[in-house]
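Notes follow the structure.
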Amino acid sequence: MFAPRLLGLAVACLAAAPAFALEQGDYRLNGFGTLGMTYLGGEHDGRSYGINGQTTDSWRFDELSKLGGQLRYGVTDDLTLTAQVIAKAQHDSWDVNLEWFYLSYQATDRLVLRAGRLRNPVYMYSEALDVGFTYPWIRLPDEVYHQVQISSYEGVDFIYTLPLSFGNLSVQANVGQALNSDYFFYDTTEDMDYRKIAGSSVALETNDYGTLRLSYSEADLTLDGILRTTLDGTKGKFTSLGYQYDNGTWITSHEATRLVVEGVIPTKNAFYMMGGRRFGDFLPHVTYAQLDEQSGGRQVSWTYGLNYSLLPNVTLKGEYKRVDTSNEAHGVFVKTGTEYFTDLAMNQLFGIPQPTYDGDIFSVGIDFVF
């Protein structure tokens, strides 16, 4: 069993960007993973669900399960190499990906410079995106977290942390690109180029009142395939405002996002609100989430979860999520390209409303770190 100090160190390594400096020759090796399965019921007309379309009307392990390892090595007292490898399913096939591979330089006590393959810091939970042990859900709120599909990019960033009497203020800025990235689009996979990625974020972490974070990111998008003529160098913009609080008993997390792809995809606004309370080793929690499209379509969901701490480094999680769409939205449900254009034609020619769907999503699994 992990001692609390060692467990805290492992989680800090996995979930925080500039966790701590290593002396020359020192290293830290940590692992993490999820073993989970999920099932989709309800009136979805055979549609799958999720960022990869892996939630279906059969119990499946590939939507949630993953295994990863992270190595940090002190090249010098100020220069650290970080590598993170993750094995998980993407678009119905299992892959092993190098998610992180970068050098970080501790320029001063407050300033860290990094270069290499870095995590794309668009969400509040971006740094810990694959480390399910660090957040309460077994699946992050889909309405928000399905929108930006790249998790890593090649580039540089800096993180400046200013100590305050009541906490810390951190500023991060990044630039780079991600080429030939898989993009799941109408039940098929295309190659997406994200060029001229530029972003910044500000996070205020207090000792007693939680953490508030604001971020903005943009990139030039080019998609090979059916939309190449309209999505070739198109500007995409993403804004996120988040807040999280955890005092050991009460826990809450909220995040609101806005996605704009200029002239191509209707603007999407999304948010979720989560609250929970620990009772010993148990953590019941509830989340309301909403996704709104500029055209008027909407997806809403309620998620009810119960976590149980099996060990200090192992958590058993179970969730039920009820999803409903309205106003001709298909939300995070997956359509094929043929279905999309057929439904659109029937609507424009004959005034037939595009179909909407609902679903009951059951998920259970174990998150762990070591």
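Bear in mind these aren't lab numbers, they're just calculated from the coordinates by the rules spelled out. Just so you know, these numbers come straight off a predicted model, no measurement behind them. Cβ: placed from backbone, ideal geometry, glycine included. Neighbour counts: every protein chain shown.
Below, the figures for the structure above:
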{"quantity": "Exposure proxy ranking, count of Cβ atoms within 10 Å, fewest first, for Glu205, Glu319", "calculated": "Glu205, Glu319"}
{"quantity": "Proximal charge balance of Tyr340 [Cβ under 13 Å; K/R count +1, D/E count -1]", "calculated": "-2"}
{"quantity": "Nearest-ten-degree value, helix 337-350 long axis tilted from longest Cα axis of the chain", "calculated": "40"}
{"quantity": "Over the range 248-345, equivalent-ellipsoid semi-axes from the Cα gyration tensor in Å", "calculated": "35, 15, 11"}
{"quantity": "Extended-chain gain in nm, criterion 0.36 nm per residue less alpha-carbon gap, Val175 and Asp246", "calculated": "22.4 nm"}
{"quantity": "Residue-span extension gain [Glu154 to Asp95] - 0.36 nm each, minus C-alpha spacing", "calculated": "19.3 nm"}
{"quantity": "Farthest positive-ward along the range 218-302 dipole, Cα basis, beta-carbon charges - from Leu231, Ser295, Ala219", "calculated": "Ser295"}
{"quantity": "Label point 7 Å beyond Cα of Asp232 along Cβ direction - residues of the range 177-203 with amide nitrogen under 19 Å", "calculated": "179-181, 190-196"}
{"quantity": "In Å, descending, principal axis extents of the Cα set of the chain", "calculated": "69, 47, 39"}
{"quantity": "Residues Ile150, Ile352, Ile138, sorted so that the one with the fewest Cβ neighbours within 10 Å comes first", "calculated": "Ile352, Ile150, Ile138"}
{"quantity": "Solution diffusion estimate, µm²/s, Stokes-Einstein, the range 21-72, Kirkwood Rh from C-alpha pairs, 20 °C, viscosity 1.002 mPa s", "calculated": "157"}
{"quantity": "Gyration tensor verdict on the range 115-187 (Cα atoms; rounded if a/c is under 1.5, prolate if a/b is larger than b/c, oblate otherwise)", "calculated": "oblate"}
{"quantity": "Ranking of Met37, Met124, Met346 by count of other Cβ atoms within 10 Å, fewest first", "calculated": "Met346, Met37, Met124"}
{"quantity": "Residues of the range 94-128 with amide N under 18 Å of a point placed 7 Å along Cα→Cβ from Gln24", "calculated": "104-108"}
{"quantity": "Ser309-Phe341 FRET efficiency (beta carbon distance; Förster radius 45 Å; 0.05 resolution)", "calculated": "0.40"}
{"quantity": "C-alpha center-to-center spacing [the range 146-213, the range 285-338] in angstrom", "calculated": "22"}
{"quantity": "Two-site label geometry, Asp45 and Asn207: point separation in nm, points 7 Å out along Cα→Cβ", "calculated": "5.7"}
{"quantity": "Pair Leu349, Phe166: separation of 7 Å Cα→Cβ label points (nm)", "calculated": "6.2"}
{"quantity": "Size of electric dipole in the range 168-267: Cβ of Lys, Arg +1 and of Asp, Glu -1, about Cα centre, debye, nearest 20", "calculated": "340"}
{"quantity": "Angle in degrees between helix 4-15 and the longest Cα principal axis of the chain, rounded to the nearest 10", "calculated": "50"}
